[in-house]
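K.L.:
The following block contains the structure, expressed as structure tokens.
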Amino acid sequence: MMVFEKAKELAKEITLSKEYKELVDSKYKLDEDKVAKKLMEDMIVLQKEYVKTLKENFDKDTMKSMENILKNKHQEVLENNVTHTYIKTRENFDKFMKKINNVISEGIKI
């Protein structure tokens, strides 16, 4: 089908975009920086624990404690240049992909 060929062309064009290249570069730098990588891994673990805590309906004190821990880790992540750059380039790429998806959705209005 021609549509899949066009999808492959779109994918190739996306890989040539500034947003994609910046994301790949920042991901590489994140992977190479042990401190930054550990910060991101810790943040992900804390986010999962927080969601689990929400689902299990822990008491307000436990929730407040978890929120503070998560907030502090998030601040640490934002203060690290490598993790901060990765988060920003990820956000930019996600916005870019959303715009592409919107264009496609508008073109096939159902």
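The values are calculated or read from the model by the stated rules, or taken from the named source; none is laboratory data. Given the structure is predicted, the values throughout are model-derived calculations rather than measurements. So basically every Cβ, Gly included, is an ideal-geometry build from the backbone, and we count neighbours across all protein chains shown.
K.L.:
Just the residues that are closer than 21 Å to ASN80 by Cα and assigned to a loop (DSSP other than H, G, I, E, B), please, taken from the stretch 1-34.
P.N.:
The one that is closer than 21 Å to ASN80 by Cα and assigned to a loop (DSSP other than H, G, I, E, B): ASP33.
K.L.:
Are any residues in the stretch 35-88 outside any helix (DSSP H, G or I) and either among the β-branched types (Val, Ile, Thr) or farther than 21 Å from VAL24 by Cβ (or both), and if so, which ones? Show your work before the answer.
P.N.:
So in the stretch 35-88, the residues outside any helix (DSSP H, G or I) come out as 56-59, 80.
Residues satisfying the conditions are GLU56, ASN57, PHE58, ASP59.
K.L.:
Identify, from the list THR89, THR85, THR62, the residue that is surrounded by 10 or more Cβ atoms within 10 Å (Cβ to Cβ), at pLDDT below 95 and not aromatic (Phe, Trp, Tyr).
P.N.:
Working: THR89 fails: at pLDDT below 95; THR85 fails: at pLDDT below 95.
Of the residues listed, the single one that is surrounded by 10 or more Cβ atoms within 10 Å (Cβ to Cβ), at pLDDT below 95 and not aromatic (Phe, Trp, Tyr) is THR62.
K.L.:
Say whether the condition of being surrounded by fewer than 11 Cβ atoms within 10 Å (Cβ to Cβ) and among the aliphatic types (A, V, I, L, M) is met by at least one residue in the stretch 65-79.
P.N.:
No: the stretch 65-79 contains no residue that is surrounded by fewer than 11 Cβ atoms within 10 Å (Cβ to Cβ) and among the aliphatic types (A, V, I, L, M).
K.L.:
I'd like the full set of residues that are closer than 15 Å to SER26 by Cα and either of a type in the set (Val, Ile, Thr) or in contact with a helix residue (DSSP H, G or I) (Cβ under 7 Å, 6 or more places away or on another chain) (or both), limited to the stretch 89-103.
P.N.:
THR89, ARG90, ASN92, PHE93
K.L.:
Now a separate question. I need the full set of residues from the stretch 50-85 which are more than 28 Å from LYS34 (Cα to Cα) and of a type in the set (A, V, I, L, M, F, W, C), in order please.
P.N.:
If the condition is that a residue be more than 28 Å from LYS34 (Cα to Cα) and of a type in the set (A, V, I, L, M, F, W, C), then LEU54, PHE58, MET63 are the ones that fit.
K.L.:
Among the numbered conditions (1) surrounded by 10 or more Cβ atoms within 10 Å (Cβ to Cβ); (2) more than 21 Å from ASN92 (Cα to Cα), tell me where MET2 comes up short.
P.N.:
Of (1) surrounded by 10 or more Cβ atoms within 10 Å (Cβ to Cβ); (2) more than 21 Å from ASN92 (Cα to Cα), only one is false for MET2: (1).
K.L.:
While we're looking at this one, here's another question. Being touching a Leu at 6+ places or on another chain (Cβ under 6 Å) and surrounded by 12 or more Cβ atoms within 10 Å (Cβ to Cβ), is that true of even one residue in the stretch 39-49? Full working, then the answer.
P.N.:
Within the stretch 39-49, the subset touching a Leu at 6+ places or on another chain (Cβ under 6 Å) is 46.
Narrowing further to those that are surrounded by 12 or more Cβ atoms within 10 Å (Cβ to Cβ): 46.
Yes: the stretch 39-49 contains one or more residues that are touching a Leu at 6+ places or on another chain (Cβ under 6 Å) and surrounded by 12 or more Cβ atoms within 10 Å (Cβ to Cβ).
K.L.:
Take LYS27 and decide whether it is surrounded by 11 or more Cβ atoms within 10 Å (Cβ to Cβ) and under 15 Å from the mean Cα position of the chain (by Cα).
P.N.:
Working: surrounded by 11 or more Cβ atoms within 10 Å (Cβ to Cβ): yes; under 15 Å from the mean Cα position of the chain (by Cα): yes.
For LYS27, the condition - surrounded by 11 or more Cβ atoms within 10 Å (Cβ to Cβ) and under 15 Å from the mean Cα position of the chain (by Cα) - is met.
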